[in-house]
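Below: one structure, written as structure tokens.
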Amino acid sequence: MVKAIQVTTPGGPDVLRMVEAPLAHPGPGEVVVRHHAIGLNYIDIYVRTGLYKQPSYPCGLGYEGAGVVEAVGPKVKDFKVGDRVAYGLSPIGAYAEARIMPADRLVKLPKEIDFKTGAAMMLQGMTARYLLRRTYKVKKGDTILVHAAAGGVGLIMCQWAKSLGATVIGTVSSDEKATLAKSHGCKHPIVTGKEDFAERVKEITKGKGLPVVYDSVGKDTCEKSLACLAPLGLFVTFGNSSGPIPPFDLGQLAAKGSLYVTRPTLGTYVAKHEDLVATARDLFRVVKSGAVKIRVNQTYRLADAAQAHRDLETRKTTGSTVLMP
């Protein structure tokens, strides 16, 4: 038996419960991972609230973790007991002391990266990688907009984009977060409560607009995000922290300059094992080089997952957060 957090029914943080859960033997293609750290992400809140519905309740929670292989099932060739591993888009259920994982969803964690960093970086870091290197391939000389620039994904994107030679504009919710974002590569932080970010983008770009906007906020920023784009620009909506984007007239895209819109997910970009490995390898490379530093600014006990959710929802957190079993 292992301790694990379950969602009893969709709702607020109080629906999270610590339970004793059985841990079966790994089957073909599976391994048991004993967690040393577990990542907290906004997608966990979407699951908890029911925005991302689950087939049944109670259900597990969490998609990201790092630890050690404790047992190996038949037909597993790439991992052995004792291997350091991490994952960032698992079957749901990372909020547990240990769990069974499909071996093809794991990657080996380099010895230079500790477990807390590994758990904090996988989902957010691989998200940053596909956004910057595949959804829109950021290049030297680009100016881009990153919403929630002081969050976990945002801080990684700011650093990574700067290392590629891009100029980063970022929105944040406070002066403190503006300072944090700026120290991580965001040249132009915008405090949304004080300034109109669309107007500031026009000023910064001298009216030219941007080739791409990365928006994880959703409902509250969608309309003005479109206004920030240059003709043929790309609006990348990859999150809904303020709520889902409501339906809108696609004619706006034509009127604003033949714009493009995409709603990508990490799952699509790493569905193939070889893409998962390549994405993780690229992430490990920029972290080990120092181009991207992972800030684990909050640590909670697994038993305190509900409080971690409250703090994330109310924007009390910055950078990455991990739960410790």
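FYI, it's all coordinate maths here, none of it is from the lab. What you are looking at is a predicted structure, and each value in this text was computed from that prediction instead of being measured. Note: ideal-geometry Cβ built from the backbone for every residue, glycine included; neighbour counts use all protein chains shown.
Counting neighbouring beta carbons within 10 Å and listing from fewest to most, the residues Lys80, Lys182, Lys219 come out as Lys80, Lys219, Lys182. For segment 70-139, relative contact order (Cα pairs under 8 Å, six or more residues apart, normalised by length) works out to 31 percent. When you count the other C-beta atoms within 10 angstrom of each residue and take the mean per peptide, 261-269, 241-249 line up highest first as 261-269, 241-249.
Applying D = kT/(6 pi eta Rh) to segment 166-239, where Rh is the Kirkwood radius over alpha-carbon pairs, T corresponds to 20 °C and eta to 1.002 mPa s, the Stokes-Einstein value obtained is 172 µm²/s. Calculated mean residue ellipticity at 222 nm for the chain: -8000 deg cm²/dmol, from DSSP H runs with n ≥ 4 weighted as -39500 (n - 2.57), summed, divided by the residue count and rounded to 500.
Among beta bridges identified by DSSP and lying wholly in the chain, the antiparallel ones come to about 55 percent.
Cα centroids of segment 160-197 and segment 57-95: 35 Å apart. Using the Stokes-Einstein relation with a Kirkwood hydrodynamic radius computed over Cα pairs, the translational diffusion coefficient of segment 140-263 at 25 °C and a viscosity of 0.890 mPa s comes to 173 µm²/s. With a threshold of 21 Å on the Cα-Cα distance, the over-threshold entries among Lys162/Lys293; Lys202/Lys224; Lys111/Lys182 are Lys111/Lys182. Here's how it looks for Ala37: its modeled amide H is under 5 Å from those of Ala66, which are all 5 or more places away or on a different chain. Helix 152-163 and the long axis of the chain differ in direction by around 60°, with both axes built from C-alpha atoms. State whether segment 232-325 is rounded, prolate or oblate according to the following rule on the C-alpha gyration tensor (a ≥ b ≥ c being the square roots of its eigenvalues): a/c under 1.5 gives rounded; otherwise a/b larger than b/c gives prolate, and the remaining case gives oblate. Here segment 232-325 falls in the oblate category. In the chain, Cα pairs under 8 Å separated by at least six residues give a relative contact order of 17 percent. Computed over the alpha-carbon atoms, segment 1-123 gives an Rg to Rh ratio of 0.97, Rh here being the Kirkwood radius from the mean inverse distance. Helix 273-289 versus the longest principal axis of the chain: what angle, 0 to 90°, nearest 10, using Cα atoms? That helix lies at roughly 70 degrees to the long axis.
Protection proxy ranking of 141-147, 81-87, 22-28, by the mean of other Cβ atoms within 10 Å over each peptide's residues and highest first, is 141-147, 81-87, 22-28. Classify segment 122-190 as rounded, prolate or oblate, taking a ≥ b ≥ c as the square roots of the eigenvalues of its Cα gyration tensor: rounded when a/c is under 1.5, otherwise prolate if a/b is larger than b/c and oblate if not. It comes out oblate by the Cα gyration axes.
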